[in-house]
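Trainee: Here it is, the structure, as structure tokens.
The values are calculated or read from the model by the stated rules, or taken from the named source; none is laboratory data. Keep in mind that this is a model prediction, so the values were computed, not measured. Every residue, glycine among them, receives a Cβ derived from its backbone with ideal geometry; neighbour counts consider all protein chains shown. The protein model used for the area step is the full one, side chains on, heavy atoms only, and it has no ligands, DNA or RNA in it. Shrake-Rupley method; radii C 1.70, N 1.55, O 1.52, S 1.80 Å.
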Number of protein chains: 4
Amino acid sequence: MPYRIAVAGATGYAGGEILRLLLGHPHYQSGEMEIGALTGASNAGQPVAELMPQLVELSDRVIEDTTVEVLAGHDVVFLGLPHGHSAAIGAALDEDTLVIDCAADFRLRDAEQWQHYYGSEHAGSWPYGIPEMPGHREALANSRRIAVPGCFPTGGTLAILPAVAGGLVEPDLAITSITGVSGAGKKANVSLLGAETMGSLKAYNTSGKHRHTPEFEQNLAEYTDKDVTISFTPVLAPLPRGILTTATAPLVDGVDQEAATATYRAFYDDEPFVHLLGAGQQPQTQNIVGSNMCHVQVEVDERSGRLLMTSAIDNLTKGTAGAAVQCMNIALGNEETAGLPRVGVTP
Amino acid sequence: MPYRIAVAGATGYAGGEILRLLLGHPHYQSGEMEIGALTGASNAGQPVAELMPQLVELSDRVIEDTTVEVLAGHDVVFLGLPHGHSAAIGAALDEDTLVIDCAADFRLRDAEQWQHYYGSEHAGSWPYGIPEMPGHREALANSRRIAVPGCFPTGGTLAILPAVAGGLVEPDLAITSITGVSGAGKKANVSLLGAETMGSLKAYNTSGKHRHTPEFEQNLAEYTDKDVTISFTPVLAPLPRGILTTATAPLVDGVDQEAATATYRAFYDDEPFVHLLGAGQQPQTQNIVGSNMCHVQVEVDERSGRLLMTSAIDNLTKGTAGAAVQCMNIALGNEETAGLPRVGVTP
Amino acid sequence: MPYRIAVAGATGYAGGEILRLLLGHPHYQSGEMEIGALTGASNAGQPVAELMPQLVELSDRVIEDTTVEVLAGHDVVFLGLPHGHSAAIGAALDEDTLVIDCAADFRLRDAEQWQHYYGSEHAGSWPYGIPEMPGHREALANSRRIAVPGCFPTGGTLAILPAVAGGLVEPDLAITSITGVSGAGKKANVSLLGAETMGSLKAYNTSGKHRHTPEFEQNLAEYTDKDVTISFTPVLAPLPRGILTTATAPLVDGVDQEAATATYRAFYDDEPFVHLLGAGQQPQTQNIVGSNMCHVQVEVDERSGRLLMTSAIDNLTKGTAGAAVQCMNIALGNEETAGLPRVGVTP
Amino acid sequence: MPYRIAVAGATGYAGGEILRLLLGHPHYQSGEMEIGALTGASNAGQPVAELMPQLVELSDRVIEDTTVEVLAGHDVVFLGLPHGHSAAIGAALDEDTLVIDCAADFRLRDAEQWQHYYGSEHAGSWPYGIPEMPGHREALANSRRIAVPGCFPTGGTLAILPAVAGGLVEPDLAITSITGVSGAGKKANVSLLGAETMGSLKAYNTSGKHRHTPEFEQNLAEYTDKDVTISFTPVLAPLPRGILTTATAPLVDGVDQEAATATYRAFYDDEPFVHLLGAGQQPQTQNIVGSNMCHVQVEVDERSGRLLMTSAIDNLTKGTAGAAVQCMNIALGNEETAGLPRVGVTP
């Protein structure tokens, strides 16, 4: 009997991307997987054909209300809801149901940080969906509740973690992450209009105000005993998808390019979705757009005594929906790469 | 034994897109298909890892020279060469080899038109790769030589053909097709620089000068006894991929919206890669980007007495490489949709 | 004593562009002109510094309510209000005040067309602000009430009018106009988000539904006795500003390129803001962005027996605010070109 | 008698922008200034009308060869030549001629740094054209030879200098500067094609390899006794114009937001082209595009103990041609702001 999947918040960008990936998943095409309920809030009752014309195979579907009743009875439930809505639903769904939350609700382990950044009560934490972080893949395999990471911490952690874990740098990081506009979601907001974002660049939620800041810290702190400090500057740039992260930190004495490259190779050579580029190449978002890949580079800058760590991901794929499907594959015992493109839609 | 595929001109945009699709093809993933020689001209000898970093699985490959010797011995050869280079190679390759030409060389049946538009001697014509044109799918299934259509005629023909074949309009067409910049290919040219094309729109090769004009005429003339007239205005717009075609023609007396919709439904309801949108919806290129889909709409404009026919395709997928793989599937007896995404990378 | 100018609806795109032009106007810089009240609706009470940080010289201003009291006492009042709000204000302001309306309220002379397209009662018509239309400059010079045209009819009329007035074509026009996203205004709307519009093209308000359709007809009908028919297809493209219009119509027998060029030269050689490009050149929006110019081309397409007429304007400058300032200059007896850039911000 | 200006390298982006500004300069419009020779290399002999259709008023000009003979006899000569070509011409022109060099040739004072980064012999240094750097305006006023700064050092220095000069930070800087594509110039290069740059982000010339690195160091070192260290990461983003600079450095103990803001205010309150934004606002490139403005912000990030310094400039205006005209105004004793827009072409 096929396993059935529901997507709550199906009409947002994360929801739409999850459905794109599921429709291309070999289990869907073989009939082993079925797509069940698609839910929304203000869009409930409207046809998928109008809201998401790209999903031709689901043209006859109608968006249902996001309720526990509608979501119950599925084997897998993806939650693409606004922050703060996942806890109640996660608690009400059967504990055997695989629930994969794309919101922030269960990402942070520290209740105080949660409170500070989100202003509501902390719901707890679930296994955290970056399988490439040592130890995490196993935890994900054994869980029925998974928290999908934020898009910035995904790209940033993959760029920086080997350097911090491998002791290449002091963990005092200056990070600038440049993102495409879909990262802000599908909400009517004058500052996100095409006319405001095309042909323009701006930093936002700077100086520790961005909610992904404590998530960065949590991820890196797992692998070092030193105090982790993050200066995080997100920048909005005129492209639909993609995050380029540039990060630097002071080199530990004696670390040279050879050591840095070797550390990254050891970390990623067996990872299907992280690719260390050749010497002299820098990640370019067009090479990973639409794919679940993270392209990474590491360079010793002798002039400044710092290490430059860069990465490119698609914020909607590896940054959200692709990670969600990757985690589903792991938790269900599927082949981890099933249904996840590894080649970007270049150019 | 797996079938082996070569790609000549692998480092251009068509070549890269063919490889993206092949790497995601179920036959490649199951081992039934192998990717053999990848050739280029000025890039011969350079590693794929540098030229096309998105093709991580082919990182260890090196581009070879485009010669008959290198291409011989494959079951399928895709040609992504500049116009005028395919004839000699096509003639030299074994007649059992499936040769799929993405250039213009074998698209036109009229030697005079070829001469006028391309200035060289006419090499002949091969079965023409729009399977959705009545009668063509059968011809493609039985051929070892296939001409992939131009990107504009693909989008335009799919938008217009039901109206012309179904007698909805007089075949006196005013067409404006707006294309993303990858359609011009990967060649160093000041007028194609990012600085010249971002934030700008311009028409080019107007007033019958564009080489796709006679291809449009040839396609439509197959299905009507009336004289076909095409006014074709291509426009370059600031997006990487995608073609939006808008076409109008005088309505035949008595044709109403119901009749127009019914004609299009009859034409396309069984086609896996052409989708007639619901009433009131217009094609949007973001909904088909990276996929092999063509989204189509038809509207009666009573005020002007004209029919509006519109379509959206990805110029590199359904407009080139996707059509090439679709034709390969047909000619090899594969499932026609194998390896061809049907959901756009939206947004 | 300096003349004082108010801008109602100052925080919209038209209002902002009017202020950009006024701040660069030589009369402002010499002190002959003063900028008085700036009004808004939902933004009233907010500082200009937050709403429009580009207007550094007005940083200490606060947006006031749009009321007759606030607007009274100025010599010139620009109205950049939503359609339907200008009539009451126009009636209440002193008849010696120069009122220049950027909305549609007073553009159409035919009450029935107004009713059909706007659904409210017709307020009447004011002299229509395309000074390049024969006879209009004089009317504008003598009026204290001026209707600024729609952006599409401005670009389209300038492209097409010489051909219709000069008898080069049958006035049965197929027009596709491609616009940047600022044309839709500064309103929160999911379909105008950066993520929905970048990297995408779509037609909208097609088949006679666009409200600019009757304005096109009105403009062209002034200069021909024949029936004017307009098939108008607007397309939204991923750039902030700019409209490229492509229009074709059946050639009148005997019209050749020489005659077409001569007709256009005669029409535009003395116009400061319309420039007929050299043979073989097509208008490109980057060459007019930020300026009040309209670049025009006309080509005989012998293959199809049609005339191709194209133009490029900046929808916010020549298409709205630049036209408004040009009309102000005419009505006040200023030099017509004062404060209006004639060179685009290229690239 | 009017002063006459020549532009060498007129057909590049810097040259075109200089001409746009000169055509809008009040001295040109009043007849006090004349535009003389326009020269190029491969374009010599071609009409301006074809190469730069936006310069309608110069339509009848032809590009001449870049020779001393052609450039001699002008009062002002702008040089927009490739690096390494300015020295010979500068030496040959009359010493009373005001020569303003937009290339790198005379920017660096340290011959060794020049040699390391440019590989040729050092030609010397000229007064450096950032008038906002304390002491520089006076030097520029008294010189007939001026070196226009690089675009990155302009935006970066204006963002960072008050903090370094005012002792707010340790001068150990992590800088990421994101630039539009016109910064790379108008040269045929596959990696700068629209298809390669739209919808994509990539870092380049990282880890001290970018030639602007020593220029940054030189500028900041003028105002501190401490060792200056620069980690500089330039990023190419999909917009035609604009540079957003994000820079962080360790806060000096005791520096708070109030002190930081006060330092920046003191530095810039009298500067016509630098604008410190209000609290909570970040620079956005659309607000300065086409203008000579630099918008700046400074923020204390207490969480990381670093200061965030950001700026936005137009790389072709304040970053090159606007700075050149500003320097010309200073050296000629014109009003410094003459002909230089202070309002961006927003949106």
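Trainee: Please specify each residue of the range D:211-226 satisfying the condition of being open to solvent by less than 20 Å² (accessible area, probe 1.4 Å) and touching a strand residue (DSSP E or B) at 6+ places or on another chain (Cβ under 6 Å).
Mentor: D:213, D:216
Trainee: So is residue B:282 polar (S, T, N, Q), in contact with a Lys or Arg (Cβ under 7 Å, 6 or more places away or on another chain) and assigned by the TED database to the domain that holds residue B:171 or not? I'd like the intermediate steps shown before the answer.
Mentor: On the way: polar (S, T, N, Q): yes; in contact with a Lys or Arg (Cβ under 7 Å, 6 or more places away or on another chain): yes; assigned by the TED database to the domain that holds residue B:171: yes.
Answer is yes for this residue.
Trainee: Next question. In the range B:107-119, what residues are assigned to a loop (DSSP other than H, G, I, E, B) and open to solvent by 50 Å² or more (accessible area, probe 1.4 Å)?
Mentor: Of the range B:107-119, the ones assigned to a loop (DSSP other than H, G, I, E, B) are B:107-110, B:119.
Selection gives B:109, B:110, B:119.
Rundown of residues vs (1) modelled with pLDDT under 95; (2) of a type in the set (A, V, I, L, M); (3) over 20 Å from residue A:142 (Cβ atoms), yes/no style:
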| residue | (1), (2), (3) |
| --- | --- |
| A:47 | no, no, yes |
| A:50 | no, no, yes |
| A:55 | no, yes, yes |
| A:67 | no, no, yes |
| A:77 | no, yes, no |
| A:96 | no, no, no |
| A:102 | no, no, yes |
| A:108 | no, yes, yes |
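Trainee: Which of the residues belonging to the range A:302-330 are within 8 Å of chain D (Cβ to nearest Cβ) and touching a residue at least 12 places away in the same chain (Cβ under 8 Å)?
Mentor: Answer for the range A:302-330, where residues must be within 8 Å of chain D (Cβ to nearest Cβ) and touching a residue at least 12 places away in the same chain (Cβ under 8 Å): A:304, A:305, A:306, A:308, A:310, A:312.
Trainee: Sort out which residues of the range B:75-106 are open to solvent by less than 10 Å² (accessible area, probe 1.4 Å) and more than 17 Å from residue B:328 (Cβ to Cβ), and write them in order of number.
Mentor: Within the range B:75-106, B:104, B:105 qualify.
Trainee: Same structure again: Quick one: residue C:55 ticks every box in (1) within 11 Å of chain D (Cβ to nearest Cβ); (2) surrounded by 19 or more Cβ atoms within 10 Å (Cβ to Cβ); (3) touching a residue at least 40 places away in the same chain (Cβ under 8 Å) bar one, so which box is it?
Mentor: Against the list (1) within 11 Å of chain D (Cβ to nearest Cβ); (2) surrounded by 19 or more Cβ atoms within 10 Å (Cβ to Cβ); (3) touching a residue at least 40 places away in the same chain (Cβ under 8 Å), residue C:55 comes up short only on (3).
Trainee: Which of the residues spanning the range A:227-236 are out of contact with any helix residue (DSSP H, G or I) (no Cβ under 7 Å at 6 or more places or on another chain), open to solvent by less than 30 Å² (accessible area, probe 1.4 Å) and not hydrophobic (A, V, I, L, M, F, W, C)?
Mentor: The initial filter retains those residues of the range A:227-236 that are out of contact with any helix residue (DSSP H, G or I) (no Cβ under 7 Å at 6 or more places or on another chain), namely A:227, A:229, A:231, A:233, A:235.
Subset that is open to solvent by less than 30 Å² (accessible area, probe 1.4 Å): A:231, A:233, A:235.
Listed by number, the residues that qualify are A:231, A:233.
Trainee: A further question follows. Output the residue which, of all residues in the range A:237-276 that are open to solvent by less than 10 Å² (accessible area, probe 1.4 Å) and farther than 21 Å from residue A:150 by Cα, is farthest from the other protein chains (Cβ to nearest Cβ).
Mentor: The extreme case among them is A:264.
Trainee: Would a scan of the range D:196-209 turn up a residue that is within 24 Å of residue D:81 (Cα to Cα), under 21 Å from the mean Cα position of the chain (by Cα) and away from chain A (no Cβ under 11 Å)?
Mentor: No, the range D:196-209 contains no residue that is within 24 Å of residue D:81 (Cα to Cα), under 21 Å from the mean Cα position of the chain (by Cα) and away from chain A (no Cβ under 11 Å).
Trainee: So, one more: Pairs, please: C-beta under 9 Å, at least 6 apart or cross-chain, first residue within 21 Å of residue B:129 (Cβ to Cβ) and in the range B:219-236, second of a type in the set (S, T, N, Q) and assigned to a strand (DSSP E or B)?
Mentor: Short answer, once both residue conditions are applied: B:232/B:176; B:232/B:177; B:234/B:176; B:234/B:177; B:234/B:179.
Trainee: Moving on to the next point. Considering only residues that are without any contact (Cβ under 8 Å) to a residue 60 or more places away in the chain and of a type in the set (Gly, Ala, Ser), which ones fall in the range C:17-30?
Mentor: Initially, the range C:17-30 is screened for residues without any contact (Cβ under 8 Å) to a residue 60 or more places away in the chain, giving C:19, C:23, C:29-30.
Result: C:30, single match.
Trainee: Okay, next question. Within the range C:246-253, does at least one residue satisfy the condition of being more than 25 Å from residue D:47 (Cβ to Cβ) and under 20 Å from the mean Cα position of the chain (by Cα)? Break it down stepwise before answering.
Mentor: Pass one, the range C:246-253, residues more than 25 Å from residue D:47 (Cβ to Cβ): C:246-253.
Subset that is under 20 Å from the mean Cα position of the chain (by Cα): C:246-247.
Within the range C:246-253 (the criterion being more than 25 Å from residue D:47 (Cβ to Cβ) and under 20 Å from the mean Cα position of the chain (by Cα)), the answer is yes, since at least one residue qualifies.
Trainee: Please verify whether the range B:279-301 includes one or more residues that are open to solvent by less than 10 Å² (accessible area, probe 1.4 Å), without any contact (Cβ under 8 Å) to a residue 40 or more places away in the chain and assigned to a loop (DSSP other than H, G, I, E, B).
Mentor: Scanning the range B:279-301, I find at least one residue that is open to solvent by less than 10 Å² (accessible area, probe 1.4 Å), without any contact (Cβ under 8 Å) to a residue 40 or more places away in the chain and assigned to a loop (DSSP other than H, G, I, E, B), so the answer is yes.
Trainee: Looking at C:193, C:244, C:239, which is the one that is more than 25 Å from residue C:9 (Cβ to Cβ) and of a type outside the set (Val, Ile, Thr)? Steps first, please.
Mentor: On the way: C:193 fails: more than 25 Å from residue C:9 (Cβ to Cβ); C:239 fails: more than 25 Å from residue C:9 (Cβ to Cβ).
The unique qualifying residue is C:244.
Trainee: For the range D:140-189, name all the residues that are in a loop (DSSP other than H, G, I, E, B), open to solvent by 10 Å² or more (accessible area, probe 1.4 Å) and away from chain A (no Cβ under 14 Å).
Mentor: D:142, D:143, D:144, D:166, D:167, D:185, D:186, D:187, D:188, D:189, listed by residue number.
Trainee: Testing residue B:29 on (1) closer than 18 Å to residue B:292 by Cβ; (2) within 14 Å of chain A (Cβ to nearest Cβ); (3) in contact with a helix residue (DSSP H, G or I) (Cβ under 7 Å, 6 or more places away or on another chain), one condition comes back false. Which one is that?
Mentor: Here residue B:29 meets the rest and fails (3).
Trainee: Taking the condition of being open to solvent by 50 Å² or more (accessible area, probe 1.4 Å) and among the β-branched types (Val, Ile, Thr), how many residues in the range D:191-210 meet it?
Mentor: 0
Trainee: Okay, next question. Of all residues in the range A:24-45, which are more than 17 Å from residue A:59 (Cβ to Cβ) and open to solvent by 60 Å² or more (accessible area, probe 1.4 Å)? Spell out how you get there, then give the answer.
Mentor: Filtering the range A:24-45 for residues more than 17 Å from residue A:59 (Cβ to Cβ) gives A:25-27, A:29-33, A:39, A:41-42, A:44.
A:26, A:29, A:30, A:32, A:41, A:42, listed by residue number.
Trainee: Identify all residues within the range C:58-73 that are open to solvent by 40 Å² or more (accessible area, probe 1.4 Å), of a type in the set (A, V, I, L, M) and within 14 Å of chain D (Cβ to nearest Cβ); write none if there are none.
Mentor: Of everything in the range C:58-73, just one residue is open to solvent by 40 Å² or more (accessible area, probe 1.4 Å), of a type in the set (A, V, I, L, M) and within 14 Å of chain D (Cβ to nearest Cβ), namely C:62.
Trainee: From (1) closer than 24 Å to residue D:23 by Cα; (2) open to solvent by 20 Å² or more (accessible area, probe 1.4 Å), pick out the condition that doesn't hold for residue D:137.
Mentor: (1)
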